[in-house]
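The values are calculated or read from the model by the stated rules, or taken from the named source; none is laboratory data. Note that this is a predicted model, so its numbers are computed, not measured. Neighbour counts are summed over all protein chains in view; Cβ atoms, including those assigned to glycine, are modelled from backbone coordinates with ideal geometry. Ligands, DNA and RNA are stripped out before the accessible areas are found, and what is left, the full protein with its side chains, is counted by its heavy atoms. Shrake-Rupley method; radii C 1.70, N 1.55, O 1.52, S 1.80 Å.
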Amino acid sequence: MADATPAQRPRPLSPHLQIYKPQITSIMSILHRATGIALSVGLIVLAWWIAAAAGEAPYFDFVSAVLGSWIGVIALAGWSFCFFYHLLNGIRHLLWDAGWGFELPQVYASGRAVFVGAVVLTLAAIVIGATVW
Amino acid sequence: MSSKTKSLRTPLGRVRGLGAAKEGVQHWWAQRLTALAIIPLGLWFVGGVLAHLGADQASVQAWLAGPCTGTLAILLLVALFYHSSLGLQVVVEDYCHTEWLKIASLVVIKFAAFFLATLSIISVLKMMFGG
């Protein structure tokens, strides 16, 4: 084992994340996971809100007030971006599963489309939300 | 498996259904199927939530208590929590290399997903049938 015989030379390690130049492909893959994790946390809030909607009126008003606070609004806007990004990039993944869009230029083009689409849909949701609220 | 006792089952019959044989794509397939369901259902629900921002409880209940909207909401909740637990499971399996911690995390994820799914679905049913 390693501590039985002193190491003659440092063993090679596989390069870690910071070694690599950021690329749109790797960044988007990491973002897909990150937004998925964030959305899973958001599901806790979703279940909380639905349970409150079915429960007592004062408690629903409390939940509405929490979600309507500035922290709540920022969180909801963040989850909106996560939702639209994960949704659009998920469609990109489904198309890959179907065998479409595997050429590198197409991968870059679809990646840019996902980014633009997610930002546009998030902004649209914020504008609509601000109008309704 | 009582393989030491004599059995009329053939070796092939004994191994069938063990391991990932013919079920290896189940996780993958369930993730795609729920993803496909969430595309229309999720967009519909987000649109509905946007329309009810700041609304009082009665209007939220009126929205989700309808037979169609309630059904769609329940289907979405099933797909969401299933999809979420599958996704989180892959993340844990990829990054968590301590066996007991991995198993514990998976148990917490599955239990939490089942609890929150049941809570939210019962809540929708209550709005639909609770009057």
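Tabulated values for the structure
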quantity	calculated
Rel. contact order, % - alpha carbon contacts under 8 angstrom, at least six apart, chain B	30 percent
Cα-based shape type of chain A, given that a ≥ b ≥ c are square roots of the gyration tensor eigenvalues and the cut on a/c is 1.5	oblate
Among A:HIS16, A:HIS86, A:HIS32: highest mean-square fluctuation, GNM of chain A, C-alpha pairs under 10 Å	A:HIS16
Computed accessible area, B:CYS68, all protein chains, 1.4 angstrom probe, square angstrom	100 Å²
Note, ³J(HN,Hα) from phi for the stretch B:57-71, Karplus 6.51, -1.76, 1.60, rounded to Hz, x at Gly and Pro	4, 4, 6, 5, 5, 4, 5, 7, 7, x, x, 6, 5, x, 4
Rounded accessible area per residue of chain B, 1.4 Å, Å²	63 Å²
Candidates A:LEU123, A:LEU17, A:LEU46: whichever shows maximal mean-square fluctuation once chain A is modelled as a Gaussian network with Cα springs under 10 Å	A:LEU17
Qualifying chymotrypsin sites (Phe, Trp or Tyr not before Pro) for the stretch A:19-89 [loop in DSSP, other Cβ within 10 Å: at most 14]	A:TYR20
Whole-Hz couplings from phi, Karplus 6.51/-1.76/1.60, listed for the stretch B:26-40; x for Gly and Pro	4, 4, 4, 5, 4, 5, 5, 5, 5, 4, 4, 5, 6, 4, x
Relative contact order of the stretch A:24-132, defined on C-alpha pairs under 8 angstrom at six or more residues apart (%)	34 percent
Dipole axis of chain B (+1 Lys, Arg; -1 Asp, Glu on Cβ), positive-most option in B:LEU75, B:VAL107, B:GLY24	B:GLY24
Peptide-level mean, for B:60-67, of C-beta atoms on other protein chains within 10 Å	2
Cβ neighbours within 10 Å from other chains - mean over B:8-16	0
At 1.306 mPa s and 10 °C, Stokes D of the stretch B:25-129 from Kirkwood alpha-carbon radius, µm² per second	105 µm²/s
Tilt relative to chain A, helix A:57-68 - C-alpha long axis, 0 to 90 degrees, to 10	50 degrees
Test item: B:50-58 mean partner chain Cβ contacts at 10 Å	6
